[in-house]
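The block underneath contains the structure these notes are about, expressed in structure tokens.
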Amino acid sequence: MAAVVQMHFTTADYVIFALLLVASAGIGLYYAFSGGRQRTTQEFLMADRSMSWLPVSLSLLATFQSAVAILGAPAEIYTFGTQYWFLGCSYFLGLLIPAHVFIPVFYRLRLSSAYEYLELRFNKTVRICGTVTFIFQMVIYMGVVLYAPALALNAVTGFDLWGAVFAMGLVCTLYTCLGGLKAVMWTDVFQTVVMFAGQLAVIIVGAHQAGGISEVWRKAVNGSRIAGLDLNPDPLERHTFWTLGVGGIFLMLALYGVNQAQVQRYLSSRTEKEAIMSCYVVFPCQQIVLCLGCLMGLVMFARYGEDSPLEKGYVQTNDQMVLYFVMDVFKDLPGLAGLFVACLFSGALSTISSAFNSLATVTMEDLIKPHFPDMAESKATLLSKGLALAYGLVCLAMAYLASVMGSVLQAALSIFGMVGGPLLGLFSLGMFFPWANSIGALVGLATGLAMAFWVGIGSFVLRMPASSAASPLASVTPPPFENVTATLASALVNATTKPRPTGVDALYSLSYMWYSAHNSATVVAVGLLVSLLTGPMKEKQLRPGTVYPVLGNLLFFLPQRYKEKLCCVTPLAPKSNEVGARPYERAKKGANGAAYRKEDALTEEKEMESDGAPAEDDERGAALPACKLSARRAEETAL
């Protein structure tokens with residue numbers, strides 16, 4: 001195979017790339033020395049809960065659009081056609097359900113970490129297990145997101161590999177540590193604009209050089225790259241309407257429903273209405289992003305046809321092919337290649353900075369504060385910044401490990417995908433099934449993770465001989481989800497040319513788009529079974545506001561006594577009706593760090609006065625006695 005062809009940056013390209021890093025760092029410095037100067041944990045970790053829907057929605061989008069996706073989506077379209085575009089069908093329910101189910105529950109409970117919910121619904125052990133699972137997920141992925149685009153850039157342009165890694169890692173750590181969540185979100189807004197600009201520049205110039213968009217479309221049709229609606233229900237098929245449009249919903253829910261990086265943005269909104277609005281704004285933006293990726297892939301096909309740079313040996317991987325195309329298109333236009341690289345690294349920066357901030361939040365709220373409830377605010381804020389810095393250094397270390405892992409790098413991407421589904425199942429078990437108990441939650445989570453790793457690693461090992469000659473990033477063409485298993489995207493391509501697998505091989509051949517659905521369903525099924533065997537929870541044991549009343553709404557026709565037996569009468573927590581007060585502003589923290597509503601605090605004070613003793617059960621997050629629960633429900637209903 002021929003050696004990789006390298007093209008080089010001009011001075012203008014370096015200047016534009018440097019401006020991206022300087023601007024990102026500048027936003028962090030601005031928020032470090034303005035406003036409250038990040039002196040409280042509320043301001044540093046939650047942006048003082050004062051964000052409007054616009055920066056929240058664009059930050060959600062930027063976190064979603066990782067650098068690996070910017071490289072992978074056009075290569076996917078170039079290689080396999082536009083069937084992948086039907087993933088957009090999953091966006092509607094994938095955002096509508098979080099907007100009207102997950103956001104109201106999380107927002108009204110006055111949470112800082114999504115995993116606080118698990119303690120309020122189950123117990124502290126489930127909360128810690130969820131937190132540790134999330135930390136493992138994000139730490140593994142951070143280094144990959146940082147290293148993968150730098151490696152592709154180095155291979156195509158000769159851009160210094162570790163110079164790019166350290167520049168991104170240090171700048172990202174700087175503005176995250178100094179400016180907190182507010183800096184992260186406003187930097188995401190800036191980086192989103194850069195991402196759109198870079199992709200549009202490639203499409204416009206590339207289409208012009210190919211003879212116009214009509215010529216691009218004609219070549220794509222003649223090259224069989226425009227796919228029709230494939231209604232094949234086979235879950236082993238890599239991409240069909242059902243795998244993309246239905247399986248994709250569960251991928252979206254795992255990312256936008258329960259992922260701390262996204263939940264934290266919802267909770268930073270000024271009001272619940274603005275948090276919901278941000279989900280609605282993200283929907284058309286994601287459709288645009290998906291269309292841009294598809295168009296770039298079609299423009300690539302119009303330029304190279306079936307004679308791809310990969311087959312010619314100009315590049316060694318699919319990811320490098322996209323950058324080769326960009327450098328080829330812009331070879332006579334100084335500065336525009338730098339703009340696309342800035343677009344690419346904007347995707348990496350937004351993903352990594354979100355990881356830093358969310359990791360610092362869950363570590364502080366779930367693992368430290370419960371053990372040090374009386375920690376001074378100044379010390380807690382300083383510790384939060386130190387955690388963000390520490391995770392930044394961990395990210396650089398993971399990037400180095402990614403560079404020496406070889407083909408295990410694909411396994412690392414797979415590990416990230418394996419965790420999202422079980423976490424979705426854990427939250428769904430608590431939120432939609434009132435009789436699920438803590439034992440069922442723990443056993444369900446453990447079973448879901450075991451199933452995910454068994455199927456994912458089994459599939460990877462099964463196909464390793466076929467791909468052992470490939471380079472570390474040889475076939476990473478994931479869809480734009482941080483929690484999608486990248487290795488199976490290419491591993492399942494050969495399934496269509498072989499006899500249909502049976503038995504365990506069929507499980508290993510499951511389309512990666514069904515991974516989240518399969519793993520979350522495993523958690524729910526096992527969790528419910530174990531809960532029924534060990535004694536299901538009863539209505540009076542549930543903390544108000546932790547269960548979404550989906551069963552009560554669906555079984556509205558049943559008499560009240562039957563609803564009570566099925567635990568279908570627990571209402572959703574009421575909206576805050578304090579005029580002029582921000583949500584969470586007067587929330588009380590219990591000894592375990594879990595958030596209580598203002599109404600809860602007032603009720604507890606009255607109970608302490610009447611009983612002459614503190615409500616210890618409530619402080620530990622345990623179930624309230626039935627009489628106290630009824631009194632609280634009556635007060636909430638009145639509100």
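The values are calculated or read from the model by the stated rules, or taken from the named source; none is laboratory data. Values in this document were obtained by computation on a predicted structure and should not be read as measured data. Side chains are part of the model used for accessible areas, which takes the heavy atoms of the whole protein and leaves out ligands, DNA and RNA. Shrake-Rupley method; radii C 1.70, N 1.55, O 1.52, S 1.80 Å.
Using only the heavy atoms of the protein chains and a 1.4 Å probe, how would Thr534, Thr361 rank by accessible area, largest first? It would help to have the intermediate numbers written out before the result.
Numbers: Thr534 70, Thr361 0 Å².
Highest to lowest solvent-accessible surface, that is Thr534, Thr361.
The stretch between Leu54 and Thr271 holds 76.8 nm of extra length on full extension. This uses 0.36 nm per residue minus the Cα-Cα distance.
Entry comment: accessible area of region 257-306 is 27 Å² per residue, from protein heavy atoms only and a probe of 1.4 Å.
Rounded, prolate or oblate, given the Cα gyration tensor of region 75-173, with a/c below 1.5 counting as rounded?
Values: a/c = 2.98, a/b = 1.46, b/c = 2.04.
Judged from the Cα gyration tensor, region 75-173 comes out oblate (a/c at least 1.5, b/c at or above a/b).
A Stokes-Einstein calculation at 25 °C with viscosity 0.890 mPa s, built on the Kirkwood radius of region 259-392 over Cα pairs, returns a diffusion coefficient of 131 µm²/s. By the Kirkwood approach, averaging reciprocal distances over each pair of separate Cα atoms, region 184-301 gets a hydrodynamic radius of 17.1 Å. Split the accessible area of region 256-400 by element, probe 1.4 Å, and carbon with sulfur accounts for 65%.
Mind checking the full-extension length gain between Ala450 and Ser214? Use 0.36 nm per residue of separation minus the Cα-Cα distance, one decimal, nm.
Working: separation 236, 0.36 × 236 = 84.96 nm, distance 4.95 nm.
Between Ala450 and Ser214, full extension yields an extra 80.0 nm.
Using the heavy atoms of the protein chains alone and a 1.4 angstrom probe, what is the accessible area of region 192-245 per residue in square angstrom? Mind showing how you got there, number by number?
On the way: 2580 Å² over 54 residues.
Counting only protein heavy atoms, the per-residue value for region 192-245 is 48 Å².
Sorting Glu365, Glu311 by solvent-accessible area of protein heavy atoms yields Glu311, Glu365, largest first, with a 1.4 Å probe. Taking the square roots of five times each eigenvalue of the Cα gyration tensor of region 152-213, the equivalent ellipsoid has semi-axes of 30, 20, 5 Å, listed largest first.
Heavy-atom surface analysis with a 1.4 Å probe gives region 58-215 a carbon and sulfur content of 77 percent of its accessible area. Put simply, the C-alpha atoms of region 11-133 give a gyration tensor, and the ellipsoid matching it has half-axes of 31, 27, 14 Å, longest first. Heavy-atom accessible surface of Glu119, to the nearest 10 Å², is about 10 Å², with a 1.4 Å probe and all protein chains retained.
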